[in-house]
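Enquirer: Please find one structure pasted underneath; my questions will follow.
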Amino acid sequence: MDNQLDHMPVLSRGRHRNPKRGACFMELASYLAGERWSDHPACTHPLLAALARLVNDNTSDDSRAQLVRLVPSIIGLASDDLRVDAQIALRCATTALPVAAAERQLALAVSVLAAEEMLARLDGAPSGRLGELSRRAMEEVPHAAEQARRFSRAARITEKGFRRYAAPNAVQLSVVGIVQACIADPDTLLRRLLEEAIDDCTALIRTPEPAAPAPVHV
């Protein structure tokens, strides 16, 4: 696979009509998956593909080539399980929240709580639980966290609304928050975010369901 990637088009921003004009991250994925040339291939979950496009387009030209090695790992990560959307949104929001500018922290903190609430609902767990990543991220911004909790208590998002609006907005806000953050190397954080989101999706989509216990005959 690495040898094949050596002969692929150079990654660049935006959409491209064909490989001769270059490729974005997801266009290269469509090619390697044997699909029609597209930046919205069927081989990848739509929200994960959206994150990959955003990372591709917001990474500097000097650093974008380092994304190429991730392309094969995104192929085949397709699912309609809403947990995947929630986990991607949660990964993005918890990554961006500690570094984002103050004016973006409330929206990102609300995104963290919305993703956690959706995961709890889908798992049949009590409302209000926070995973370790979420807890640590919220502790970094206590004022925004408290505002977000007050806001979230007054709002209840539907599963349809989460998938269509809340989760995509969390991804978009997170990437913009990282790009505009006062940090030394946003490219590295963006690449790490995409790597970890791919790992999250791999664990959710490719982990087999536990086998049902065999019936006991008496």
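Enquirer: So which residues in region 56-85 are touching a Lys or Arg at 6+ places or on another chain (Cβ under 9 Å) and either open to solvent by less than 20 Å² (accessible area, probe 1.4 Å) or farther than 22 Å from Pro41 by Cβ (or both), if there are any at all? Can you show your working first?
Expert: First, the residues of region 56-85 that are touching a Lys or Arg at 6+ places or on another chain (Cβ under 9 Å): 56-59, 61, 63-64, 66-67, 70, 76-77, 82, 85.
If the condition is that a residue be touching a Lys or Arg at 6+ places or on another chain (Cβ under 9 Å) and either open to solvent by less than 20 Å² (accessible area, probe 1.4 Å) or farther than 22 Å from Pro41 by Cβ (or both), then Asn56, Thr59, Asp61, Ser63, Arg64, Leu67, Leu70, Leu77, Leu82, Asp85 are the ones that fit.
Enquirer: Which members of region 21-45 meet the condition of being under 18 Å from the mean Cα position of the chain (by Cα) and crowded, with 16+ Cβ neighbours inside 10 Å? Let's see the steps before the verdict.
Expert: Within region 21-45, the subset under 18 Å from the mean Cα position of the chain (by Cα) is 24-27, 29, 39-45.
Those that are under 18 Å from the mean Cα position of the chain (by Cα) and crowded, with 16+ Cβ neighbours inside 10 Å: Cys24, Phe25, Met26, Glu27, Ala29, Asp39, Pro41, Cys43, Thr44, His45.
Enquirer: Is one or more of the residues making up region 98-120 free of Cβ contacts under 8 Å to residues at least 12 places away in the same chain and surrounded by 15 or more Cβ atoms within 10 Å (Cβ to Cβ)?
Expert: Yes, region 98-120 has at least one match.
Enquirer: Something else now. So which residues in region 147-182 are without any contact (Cβ under 8 Å) to a residue 24 or more places away in the chain and hydroxyl-bearing (Ser, Thr, Tyr), if there are any at all? Steps first, answer last, please.
Expert: Going through region 147-182, the residues without any contact (Cβ under 8 Å) to a residue 24 or more places away in the chain turn out to be 150, 153-156, 158, 160-161, 164-165.
Within region 147-182, Thr158, Tyr165 qualify.
The values are calculated or read from the model by the stated rules, or taken from the named source; none is laboratory data. Keep in mind it's a predicted model, so treat the numbers as computed, not measured. No Cβ is skipped: glycine too gets one built from the backbone with ideal geometry, and neighbour counts run over all protein chains shown. Please note that ligands, DNA and RNA were not included when accessible areas were found on the heavy atoms of the full protein model with its side chains. Shrake-Rupley method; radii C 1.70, N 1.55, O 1.52, S 1.80 Å.
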